[in-house]
Structure formats: structure tokens, C-alpha cells
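Colleague: Dropping the structure in here first, questions after.
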Amino acid sequence: MTTAVKRVLIVGAGIGGLGASAALGQRGIQVDVIDIKAENAVLGVGLNQPANALRALRALGVFDEIAADGFAFDRRLHRDSQGNLRVEVPSLLGGDVPANIALRRSSLHRILTGAADRAGAKIIMNCSIADLSSDPDGVDVSFTDGRSDRYDLVVGFDGLRSRLRRRLFGDSFEPKFTGYSVWRLSCPRLATIDCINLYEGENGKAGLCPLDDEQMYLLHVTQEPGNPRYDPANFPQMLIDRMQGFGAEPGIVRDAITETTPIVYSPLEEVLVPTPWHRGRVAIAGDAAHASTPHLTQGAAMALEDAVVLAETLNRPVPVEDALTQWSARRMPRAQFVYERSRTRLLNEMVNDKQSNSASLAQINTDRMAEIDRFLNQPA
Ligand SMILES: Cc1cc2nc3c(=O)[nH]c(=O)nc-3n(C[C@H](O)[C@H](O)[C@H](O)COP(=O)(O)OP(=O)(O)OC[C@H]3O[C@@H](n4cnc5c(N)ncnc54)[C@H](O)[C@@H]3O)c2cc1C
């Protein structure tokens, strides 16, 4: 006997929602996934997928596609603003999979959409929830496109600004701005960039990460007090201004920015909802339940692990609500670990690392990353 979940509605066809659609569909569950966007496509630059994300992607049957598309690496280099090497930090993640594979966000989205399609999930765009009501046996849902339907379970992977979170938990758990933002762009890969390189600048940290043989992405984290709204037309000049002082590879990328360079500006926000992450037969997962700063590149990993563990847990012979309680209790320690360590890394990179000499920076970073890698290398 299983939890007898036969029909599931997933809200949000992002990384976690598509992953969950694939994981549940592969277990014979009928899945509808809705997304408020008009097109099944993503904006964005690139993503690093550390080994624990790769294990979740392997469980979904798409590891080979990810490996063929992305760029594998197993260390991180800390440099000063002029590119001089300060510290090399090896990644202890992996073993059965590479330590990291970075790839374009559009590639990850395409690969996950393929997995959801093959698992029989029905993806419905331009659609959201108008209303829902959960009873002990199921959930009645009416949609913004006028349809209505009934499901055994509804799971909201509807991202940082989740409406489902608000519906279940009120406004107690809204994302909080950290005081920092990140500027990102993709550009042709420089031959010297074959792993994540971080550069300490006067106004913040820059980073370069390979995405495949041809492309890499640049990030620059800056303090933006008060979370101001900027006109996107000004992003190129604003990024050029903020990156004054960088030499070496970040300087080369900065000098190639023109007024038409597409730049993604993201305020860094975080949220952590206490467990359980469900009310009745309606749950939230991924960024909706726990979003961290991107400093450990673990956001997609946490959403994908949520998806794979949910499918495993629903396969057990327990009532649905008990399964949901077990699922979020199992997921919380990892989500909380990533949330806390990501925040610490942000503060260290912005404040403390610059003040450390290279020997102590090496020691601190190697110790910190070893602790993080050991924890995240354990099963999800
Ligand atoms: C600057 C930055 C860099 C990052 N870098 C990395 C990285 O290198 N590696 C990594 O693993 N992670 C990274 N992340 C985090 C990662 O992008 C997220 O953690 C991940 O996308 C979470 O997946 P999700 O499915 O929960 O949400 P999302 O992928 O955000 O998907 C949410 C989906 O829900 C849809 N939606 C929203 N509201 C509704 C609604 N009302 N009805 C229907 N649909 C709705 C949206 O359209 C969207 O498709 C980064 C994040 C940021 C901000």
C-alpha cells in the first residue's frame, strides 16, 4: 500500500516543479504542472550544480544530458582584484559524480522539461490558481483559465514570491532583503576560466564561472542599501561603474560591456519557513519554503532534492499528511544548513576575507568548505 496519491498538481514549472513532475510521473503518478508565465522558457544566466544536485538530476535520469551540456570542475580559486591567486579551495563533493557542473539556465530548463514530458506530466502555461480548498480526501482547485479539477495533493514550487506560501501561512514568512545584490551577465569564455574564480574588489566580490566551452558568466555582488529599484536601461553603465578597480579577467569582461549588453540584476533575498511545509493536502517546496543567498550555489540542488525525496516519501504506506510531515522533517536540516552557511559565506566574502592574510584565508576557507562539502555529500 502507498499513500494512494494518484493525481498531483504542481504549481510552478521552474527547476523544482519540473523536477517534481518528472520524479512523480516516473512513479506512475498523474501530474499537471501549471505556470503563470506565458512561455515555457527562462530568463537568467547560468547555474552551478554541485554534486548533490547532480545526484538528484541522476535520480531523474538526466545526468548524462547535464554532463554533455555543462562544464565540470572541482575547485574554486580566490584572487585579489588584479587576478593574483590568493587561495585554491578544492571541492570535496562528489566521488560518484563530478564535484560541480555549471551550465546555462536555459539548458537546465530544457533538460528538466524533457524529463517531465517523458514522465507524462502535462505542462500548462499562462495559468495559476484562482482558488483551492483542501479536505481530508483531496483538494478542489479552480484555475485562472476558468477550468477546475480535483487532486490528491497540490505542491507549490512557485518560487521566492510564492502566493501559495502566503495562502497557507499568511504574511509571516516573506523574503527578507540581505542588503546585497548581484549583477550578472554571460559572455564568451576566456581560456583561463576553467572553474569558479572569485575576485576581491573594493566595492564587492566579482566571480567568473564557465558554463560550457564557449560561454562563462560574470557575477558581481555589491551592497545596495535600502533595496533600490533601478532602471534596467542603466544596468550596463551601473555595472561598469561598480567594477572600476578590477584588472585581469573581470576587467576584460567589464571593458567589453556595451549599452546593449543584457544584464540581470537580482537583490539577494532569503526566507526559511518552519516545518511542516504543508496545510492539509497542500504543500510548498523549493524557494517557496527555503531560499538562500546563492553563495553555495545550492538553490536548485535544494529544490531538486525536495522533489526527489517527496516522490520517495509518497511511495510509502502512510497517510498523505503523515508523508508530508515526514518529508519536510527530513528536508529541513539540509535547507537550514544551506540557508545559514550561505548567509555566512556572503558576509565573509563581503567583509572578512579581504582582511585575512592568504594563509589564514586558505585555512579558514578550506576548513569551512570541507565542513559544508562533507554535510552536503551525505544522502539528501
Ligand atoms: C542571482 C542568483 C544566482 C543563483 N545561482 C544559483 C546557482 O548557481 N546554482 C543553484 O543551484 N541555484 C542558484 N540560484 C537559486 C536557484 O535559481 C533557485 O533556488 C531555484 O530556481 C529554485 O527553484 P524553484 O523551482 O523553487 O523556483 P523557480 O525556479 O524560481 O520556479 C518558480 C516557478 O513558479 C512560477 N510561478 C510563480 N508564481 C506562480 C503562480 N502564482 N502560479 C503559477 N506559477 C507561478 C514561476 O513562473 C517559475 O516558473 C541562484 C539564484 C539567484 C537569485
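Colleague: From the set of residues in the range 13-36 that are outside any strand (DSSP E or B) and touching a strand residue (DSSP E or B) at 6+ places or on another chain (Cβ under 6 Å), which is farthest from the ligand (Cβ to nearest atom)? Please lay out each step first, then the result.
Modeller: First pass over the range 13-36, keeping only residues outside any strand (DSSP E or B): 13-29, 36.
Still in the running and touching a strand residue (DSSP E or B) at 6+ places or on another chain (Cβ under 6 Å): 13, 17, 20-21, 24-25, 29.
Values: A13: 5, G17: 5, A20: 8, S21: 11, L24: 14, G25: 16, I29: 18 Å.
Looking at residues that are outside any strand (DSSP E or B) and touching a strand residue (DSSP E or B) at 6+ places or on another chain (Cβ under 6 Å), I get I29.
Colleague: Can you confirm whether the range 340-353 contains a residue that is closer than 24 Å to V308 by Cα, modelled with pLDDT of 90 or more and surrounded by fewer than 18 Cβ atoms within 10 Å (Cβ to Cβ)?
Modeller: Within the range 340-353 (the criterion being closer than 24 Å to V308 by Cα, modelled with pLDDT of 90 or more and surrounded by fewer than 18 Cβ atoms within 10 Å (Cβ to Cβ)), the answer is yes, since at least one residue qualifies.
Colleague: What number of residues within the range 116-143 are without any contact (Cβ under 8 Å) to a residue 40 or more places away in the chain and of a type in the set (S, T, Y)?
Modeller: 2
Colleague: G204 versus (1) under 25 Å from L54 (Cα atoms); (2) in contact with a strand residue (DSSP E or B) (Cβ under 9 Å, 6 or more places away or on another chain); (3) touching a residue at least 40 places away in the same chain (Cβ under 8 Å): which is the lone unmet condition?
Modeller: It fails just one condition, (1).
Colleague: Select, from A41, A68, the only residue that is within 22 Å of the chain's Cα centre (by Cα) and in contact (Cβ under 8 Å) with a residue 24 or more places away in the chain.
Modeller: A41
Colleague: What about V155, is it outside any helix (DSSP H, G or I), closer than 26 Å to P379 by Cβ, of a type in the set (V, I, T) and more than 11 Å from the ligand (Cβ to nearest atom)?
Modeller: Considered against the rule, which asks whether it is outside any helix (DSSP H, G or I), closer than 26 Å to P379 by Cβ, of a type in the set (V, I, T) and more than 11 Å from the ligand (Cβ to nearest atom), V155 comes out as no.
Colleague: Of the residues in the range 13-32, how many are on the phi < 0 side of the Ramachandran plot and more than 19 Å from the chain's Cα centre (by Cα)?
Modeller: The qualifying residues number 8.
Here is a yes/no grid of residues against (1) of a type in the set (A, V, I, L, M, F, W, C); (2) closer than 22 Å to G46 by Cα:
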residue: R86; (1), (2): no, no
residue: G94; (1), (2): no, yes
residue: L103; (1), (2): yes, yes
residue: S106; (1), (2): no, yes
residue: I111; (1), (2): yes, yes
residue: G114; (1), (2): no, yes
residue: A119; (1), (2): yes, no
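Colleague: Kindly list, by first and then second residue, each pair from a residue in the range 150-167 that is in contact (Cβ under 8 Å) with a residue 40 or more places away in the chain to a residue that is of a type in the set (S, T, N, Q) and more than 6 Å from the ligand (Cβ to nearest atom), limited to pairs with Cβ atoms under 8 Å and residues at least 6 apart or on different chains.
Modeller: V154/S134; G156/S162
Colleague: In the range 196-239, which strands (runs of 3 or more DSSP E) lie fully inside it and hold 1 or more residues that are more than 19 Å from V45 (Cβ to Cβ)? Outline the logic, then answer.
Modeller: Numbers: elements: 196-200, 204-210, 215-223.
Correct list: 196-200, 215-223.
Colleague: Follow-up question, since we're still on this one. Just a yes or no: is a residue in the range 64-74 surrounded by fewer than 17 Cβ atoms within 10 Å (Cβ to Cβ) and out of contact with any Ser or Thr (no Cβ under 8 Å at 6 or more places or on another chain)?
Modeller: Let us first name the residues in the range 64-74 that are surrounded by fewer than 17 Cβ atoms within 10 Å (Cβ to Cβ), namely 64, 68, 74.
Right, trim to out of contact with any Ser or Thr (no Cβ under 8 Å at 6 or more places or on another chain) and you get 64, 68.
Yes, there is a match, as at least one residue in the range 64-74 is surrounded by fewer than 17 Cβ atoms within 10 Å (Cβ to Cβ) and out of contact with any Ser or Thr (no Cβ under 8 Å at 6 or more places or on another chain).
Colleague: Failed condition for V282, given (1) among the β-branched types (V, I, T); (2) near the ligand (Cβ under 10 Å from one of its atoms); (3) at negative phi, with all others met?
Modeller: (2)
Colleague: Give the residues of the range 287-317 that are in contact with a Ser or Thr (Cβ under 6 Å, 6 or more places away or on another chain), among the aliphatic types (A, V, I, L, M) and more than 9 Å from the ligand (Cβ to nearest atom), sorted by residue number.
Modeller: L314
Colleague: Oh, and also: Would you please name the residue that is nearest to the ligand (Cβ to nearest atom), looking only at residues in the range 87-110 that are at pLDDT below 95, surrounded by 19 or more Cβ atoms within 10 Å (Cβ to Cβ) and in a strand (DSSP E or B)?
Modeller: So, considering only residues that are at pLDDT below 95, surrounded by 19 or more Cβ atoms within 10 Å (Cβ to Cβ) and in a strand (DSSP E or B), the one nearest to the ligand (Cβ to nearest atom) is V89.
Colleague: If you don't mind, there's one more thing I want to ask. Which residues, taken from the range 179-194, are within 22 Å of the chain's Cα centre (by Cα) and hydroxyl-bearing (S, T, Y)?
Modeller: The answer is Y180, S181, S186.
Colleague: In this structure, is R184 of a type in the set (K, R), free of Cβ contacts under 8 Å to residues at least 40 places away in the same chain, within 16 Å of the ligand (Cβ to nearest atom) and surrounded by fewer than 22 Cβ atoms within 10 Å (Cβ to Cβ)? Talk me through it step by step, then tell me what you get.
Modeller: Working: of a type in the set (K, R): yes; free of Cβ contacts under 8 Å to residues at least 40 places away in the same chain: no; within 16 Å of the ligand (Cβ to nearest atom): yes; surrounded by fewer than 22 Cβ atoms within 10 Å (Cβ to Cβ): yes.
Judged against the criteria, R184 is not a match.
Colleague: Return a yes/no flag: does the range 161-178 have any residue that is closer than 30 Å to A68 by Cβ and within 18 Å of the chain's Cα centre (by Cα).
Modeller: no
The values are calculated or read from the model by the stated rules, or taken from the named source; none is laboratory data. All figures in this text were calculated on a predicted structure; none of them were measured in a lab. Positions of Cβ are generated from backbone atoms using ideal geometry, with glycine treated the same way; all protein chains shown enter the neighbour counts.
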